[in-house]
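First the structure, in the form of structure tokens, and then the observations on it.
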Amino acid sequence: MFTGIVEELGEIVAIESIGDSARLTIRGPLVTQDAVHGASIAVNGVCLTVVESGGGTFTADVIKETLDKSSLGALEAGARVNLERPVRLSDRLG
């Protein structure tokens, strides 16, 4: 679950086309501190699953439907994005 409170302003490092899908590489040192394969990170409000992480960046695969129905399909390298990790049971909500 996400609160909608942006934790960090990240940057699109690269976008790789994979057929009709894409692999995004995003810089976000704060949200990647505890990111592992399979973790969730919201990018501009869209929940994505971490495929790889390291060095303050993470990658996530985005399918065509998500690219078409969200703002993610219009992103280019260098674009700034809002990043948020999911809430933990012990976190404050506001």
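Listing for the model above:
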read-out: Estimated dipole of the chain in Debye, rounded to 20 [Cβ of Lys and Arg +1, of Asp and Glu -1, Cα centre]; value: 200 debye
read-out: Pairs of Cα atoms farther than 24 Å apart, the chain, %; value: 14 percent
read-out: Measure of compaction for segment 35-83 (Cα Rg per 2.2 N^0.38 Å); value: 1.11
read-out: Estimated distance in nm for a label pair at V36 and F2, the labels positioned 7 Å out from Cα along Cα-to-Cβ; value: 2.2 nm
read-out: Accessible carbon and sulfur surface of the chain relative to its total accessible area, %, 1.4 Å; value: 51 percent
read-out: Distance histogram for segment 1-55 (every C-alpha pair counted, 10 angstrom bins, percent rounded to whole numbers); value: 22, 60, 18, 1
read-out: The chain - accessible surface per residue (Å², probe 1.4 Å); value: 59 Å²
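The values are calculated or read from the model by the stated rules, or taken from the named source; none is laboratory data. Quantities reported herein were computed from a predicted structural model and do not represent experimental measurements. With ideal geometry, Cβ positions are generated from the backbone for all residues, glycine too; neighbour counts draw on all protein chains shown. Surface areas here come from the heavy atoms of the whole protein model, side chains and all, with no ligands, DNA or RNA. Shrake-Rupley method; radii C 1.70, N 1.55, O 1.52, S 1.80 Å.
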